[in-house]
Amino acid sequence: MNFLLAIGVSAIIGYLLGSCNFSIIVVRLVKGEDIRTMGSKNAGLTNTLRCAGKGCALMTLIGDLGKGVVAVILSRLVCSALEAGLSPDNNTYYIGYIAGLFAIIGHVFPLYYGFKGGKGVLVGVSTFIIVDWRIFCILIAIFAVILAISKYVSLSSIIATACCPPMVFVIELLSKTDWKICLLYAVLAIPMASLIIWMHRSNIERLKNGTENKFSFSSKKS
């Protein structure tokens, strides 16, 4: 019973925090506009940078990273308090994946903004700052390398995201975690990665057609 309660509470925490889309909040407060009507109409970091400038993009980055971190921390505290861990030592690592998944769902389908949000990349990767910082660093490194080579944010995001589940399994296995737990963590990471990649389906089409925009630090008005 405590196990199911911990999952339910963590899902609610993740979703409600994930629904706080900082791209929408920041651009509305600073520019008085709706980022979902600007540029690519995506409520995410790249579109914020292109259409609202570096200041808004930085605040969006901090906010969207922060909500993923807070979601995982709060969920772990709840799970620990309910003693809903997976082992005698009350291992609560698994709950971070639950909180992360629902934070992504909240970001993509935000309760507060008509269920129209961003693609979930930032909040997804941010959960690994707490879940496992090594995975976070590896995913950021993969993203940075692909971006440096291709100049496509979308391609970099898709590849880094696709690497996440197998990377989770390998890193946990190298940490001498029981292989069944490693497999569980990897399986829990699959829906997180799948949702983010699915949200990039229009980018994938543009990449195929050669019409995807390349990354630039310069901003422009929509």
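Sort 175-188, 21-34 by the packing proxy (mean of other Cβ within 10 Å over each peptide's residues), most packed first.
Details: 175-188: 15.2, 21-34: 18.6.
Highest mean packing first, the order is 21-34, 175-188.
Assuming a ≥ b ≥ c are the square roots of the Cα gyration tensor eigenvalues, decide whether region 1-75 counts as rounded (a/c under 1.5), prolate (otherwise, with a/b larger than b/c) or oblate. Present the calculation step by step, with values, prior to reporting the outcome.
On the way: a/c = 3.52, a/b = 2.67, b/c = 1.32.
Because a/c hits 1.5 or more and a/b exceeds b/c, region 1-75 counts as prolate.
Thinking of region 129-187 as a set of Cα atoms, what percent of all their pairs are more than 13 Å apart?
Details: 1030 of 1711 pairs.
Here the long-distance tail beyond 13 Å is 60 percent of all Cα pairs in region 129-187.
Based on DSSP H runs of at least 4 residues, each adding -39500 (n - 2.57), what is the mean residue ellipticity at 222 nm of the chain after dividing by all its residues, to the nearest 500 deg cm²/dmol? Walk me through the intermediate numbers first.
On the way: 10 runs with 158 residues, N = 222.
Rounded to the nearest 500, the figure is -23500 deg cm²/dmol.
For the chain, what is the accessible area per residue in Å², given a 1.4 Å probe and the full set of protein chains?
On the way: 10780 Å² over 222 residues.
Heavy-atom SASA per residue in the chain reads 49 Å².
Between V187 and N213, what length comes free when the chain is fully extended (0.36 nm per residue of separation minus the Cα-Cα distance, one decimal in nm)?
Details: separation 26, 0.36 × 26 = 9.36 nm, distance 3.25 nm.
Contour length minus the Cα-Cα distance gives 6.1 nm.
Report, to the nearest whole %, how much of the accessible area of the chain belongs to carbon and sulfur atoms, 1.4 Å probe, protein only. Intermediate values should be presented prior to the final figure.
On the way: 7510 of 10780 Å².
Answer for the chain: carbon and sulfur cover 70 percent of the accessible area.
Given just the C-alpha atoms of region 75-155, how large is their convex hull per residue in cubic angstrom? Kindly include the intermediate steps, with their values, before the conclusion.
On the way: hull volume 7.8 nm³, N = 81.
Roughly 96 Å³ of hull volume per residue.
Can you give me the orientation-averaged projected area of the convex hull built on the Cα atoms of region 99-219, in nm²?
8.4 nm²
Once the piece of chain linking L77 and D34 is laid out straight, how much longer is it, given 0.36 nm per residue of separation minus the C-alpha distance between them? Provide the component values of the computation, followed by the final result.
Values: separation 43, 0.36 × 43 = 15.48 nm, distance 3.49 nm.
Gain on extension, L77 to D34, equals 12.0 nm.
Got a sec? Which residues in region 165-190 would a label at F136 touch, if it sits 7 Å along Cα→Cβ and we count backbone N under 18 Å?
165, 167-169, 171-172, 189
Taking the dipole about the Cα centre of the chain, with the C-beta of Lys and Arg at +1 and of Asp and Glu at -1, give me whichever of N90, A160, V170 is farthest to the positive side.
In the chain, that residue is A160.
Could you please state, rounded to a whole Å, how far the C-alpha centre of region 133-158 is from the C-alpha centre of region 196-210?
16 Å
Of S10, V27, L61, whose Cα points farthest to the positive end of the dipole of region 1-72 (charges on the beta-carbon: +1 Lys, Arg; -1 Asp, Glu; origin at the Cα centre)?
So the residue furthest toward the plus end is V27.
The values are calculated or read from the model by the stated rules, or taken from the named source; none is laboratory data. All figures in this text were calculated on a predicted structure; none of them were measured in a lab. As a convention, Cβ positions derive from the backbone with ideal geometry for all residues, glycine included, and neighbour counts pool all protein chains shown. We work out accessible area using only protein heavy atoms, side chains counted, and drop any ligands, DNA or RNA first. Shrake-Rupley method; radii C 1.70, N 1.55, O 1.52, S 1.80 Å.
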